[in-house]
Amino acid sequence: MSSSSIPKNETTAPKKFLNDPSDAVTNYIQGLLYQYPNTLRKLSNHNVLLSSKIDYNRVNILSGGGSGHEPSHAGYISGVVGGMLTGAILGGIFASPSVSSILAAIRAVTKPNNDGKGGCLLVVKNYTGDRLNF
């Protein structure tokens, strides 16, 4: 059925469940925090989700990238579903996270002068923006 044959008073079904596309990442983060209140925490002033239980004596794993592929990053934080990551750094829709958010996440999961214990491993995908920012 072509668009010209649809009567003007009828509407088509929505393709996505979004209140406002410009707030999609914020809404996604809020939804995960509501769903996992004792498991996740948000790093203030950044789109970074972290496990609420961080062991600074082990190597913590972070990953991230553009939003829009959920649950590609935050869905794998320990205690959510997969349990592989300590934290996820979320960029905008199909856009890499900022360098400041990446650095804030690294600092949040590592302690300075930890006598060689612990650390941080970044899992970076092969997207050009992620390779530049991470």
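The values are calculated or read from the model by the stated rules, or taken from the named source; none is laboratory data. Since the model is a prediction, treat every value here as computed from it, not as a measurement. Because the Cβ atoms are built from the backbone with ideal geometry, glycine has one as well, and the counts that use them run over all protein chains shown. Just the protein is used for accessible areas: all its heavy atoms, side chains included, with ligands, DNA and RNA removed. Shrake-Rupley method; radii C 1.70, N 1.55, O 1.52, S 1.80 Å.
Among all positions in the stretch 90-99, there is no residue which is in a helix (DSSP H, G or I), surrounded by 13 or more Cβ atoms within 10 Å (Cβ to Cβ), β-branched (Val, Ile, Thr) and at pLDDT 90 or above. For the stretch 30-64, filtering for residues that are among the small types (Gly, Ala, Ser) and touching a strand residue (DSSP E or B) at 6+ places or on another chain (Cβ under 6 Å) leaves 4. Evaluate the stretch 42-57: report whether one residue or more is modelled with pLDDT of 90 or more, open to solvent by less than 40 Å² (accessible area, probe 1.4 Å), within 21 Å of Thr128 (Cβ to Cβ) and of a type in the set (A, V, I, L, M). No, the conditions are met nowhere in the stretch 42-57. On inspection, Asp20 passes the criterion of being modelled with pLDDT under 80, among the charged types (D, E, K, R) and either at negative phi or surrounded by fewer than 18 Cβ atoms within 10 Å (Cβ to Cβ) (or both). Name every residue in the stretch 58-76 that is at pLDDT 90 or above and of a type outside the set (Gly, Ala, Ser), in order of residue number. If the condition is that a residue be at pLDDT 90 or above and of a type outside the set (Gly, Ala, Ser), then Val59, Asn60, Ile61, Leu62 are the ones that fit.
Here Leu85 meets each of (1) open to solvent by 70 Å² or more (accessible area, probe 1.4 Å); (2) modelled with pLDDT of 90 or more; (3) under 21 Å from Tyr34 (Cβ atoms); (4) not β-branched (Val, Ile, Thr) with one exception, condition (1). Would you say Gly79 is assigned to a loop (DSSP other than H, G, I, E, B) and surrounded by fewer than 22 Cβ atoms within 10 Å (Cβ to Cβ)? Yes; evaluated as a whole, the condition is true for this residue. Only a single item in (1) open to solvent by less than 80 Å² (accessible area, probe 1.4 Å); (2) in contact (Cβ under 8 Å) with a residue 12 or more places away in the chain is not met by Leu103, and it is number (2). If you check Leu33 against the conditions, is it assigned to a strand (DSSP E or B) and either without any contact (Cβ under 8 Å) to a residue 24 or more places away in the chain or loosely packed, with under 14 Cβ neighbours inside 10 Å (or both)? Here the answer is no, as Leu33 does not meet what is asked.
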